[in-house]
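> The structure's right below; bear with me while I get my questions together.
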Amino acid sequence: MTRIARQPEGLPRPTAPYSPVVITDGFAFTAGQVGYDARGDVVAGGIAEQTRQALENLRACLAAAGCTMDDVVKVTAFLVDLEDFAGYNQVYAEFFTEPYPVRTTVGSRLADILVEIDVAAALREG
């Protein structure tokens, strides 16, 4: 099994021992992305703003693997407060089209952020 790690353009390098994107066996897997801007600061605002930034960060991760949001087959999202689901879901719907990826959304304790999202995407053939 070959694993290729990628660093997306415009995203800060991780300070912990993980790769933002790994490509293997026909899929690209991302690390959890949060509402951090290019400087590594949490974006101002609430769940909508942080969800939008996390999804833009995921878009950059996928681009580093040669994928788009349309290639996503699985999404896992962690919300600090499940009461934020409606706001999260509204922004989420702006980034995905039918057929939608499968998705799991759970409540979680996160430090200083409201949402974290990771995805798995099928690599494009050719």
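> With axes computed from alpha carbons, what is the tilt in degrees of helix 85-95 against the longest principal axis of the chain, rounded to the nearest 10 within 0 to 90?
40 degrees
> So for Thr51, Thr2, fewest C-beta neighbours within 10 Å to most, what's the order?
Values: Thr51 28, Thr2 6.
With the fewest neighbours first, Thr51, Thr2 line up as Thr2, Thr51.
> Another one. Can you put Cys67, Cys61 in order, fewest other beta carbons within 10 Å first?
Values: Cys67 22, Cys61 25.
Ranked by crowding around the Cβ, least crowded first: Cys67, Cys61.
> Starting from the Cα-Cα distance between Ala38 and Tyr18, subtract it from 0.36 nm times their residue separation and give me the gain in nm to one decimal. Numbers along the way, then the final one.
Values: separation 20, 0.36 × 20 = 7.20 nm, distance 1.78 nm.
Between Ala38 and Tyr18, full extension yields 5.4 nm more.
> OK, next. In a Gaussian network model over the chain where Cα atoms closer than 10 Å are linked, find which of Gln50, Gln90, Gln33 has the largest mean-square fluctuation.
Among Gln50, Gln90, Gln33, the largest GNM mean-square fluctuation belongs to Gln90.
> Right, next: Just to confirm the filter: which trypsin sites (Lys or Arg not before Pro) across the range 45-126 are DSSP coil and have at most 13 other Cβ within 10 angstrom of their Cβ? The partial results should precede the final answer.
On the way: sites: Arg52, Arg59, Lys74, Arg103, Arg109, Arg124; in loops: Arg109, Arg124.
Sites meeting the loop and neighbour criteria: Arg109, Arg124.
> Further, regarding this structure: With an 8 Å cut-off on Cα pairs and a minimum separation of 6 or more residues, tell me the relative contact order of the range 35-100 in percent. All intermediate terms of the calculation are to be shown ahead of the outcome.
Working: 45 pairs, mean separation 21.9, N = 66.
Relative contact order here is 33 percent.
> Here's something else I'd like to know. DSSP beta bridges in the range 4-122, what fraction antiparallel, as a percent rounded to 5?
Working: 19 of 25 bridges.
The antiparallel fraction comes to roughly 75 percent.
> Please provide three numbers in whole Å: the alpha-carbon extents of the chain along the principal axes, with the largest listed first.
Taking the Cα atoms of the chain, the three principal extents are 41, 35, 21 Å.
> Here is a further query. Against the longest principal axis of the chain, how steep is helix 47-64, in degrees 0 to 90 to the nearest 10, with axes from Cα atoms?
10 degrees
The numbers here are math on the coordinates, done by the rules we state, and not lab data. Computed from a predicted model, the values in this text were never measured in an experiment. As a convention, Cβ positions derive from the backbone with ideal geometry for all residues, glycine included, and neighbour counts pool all protein chains shown.
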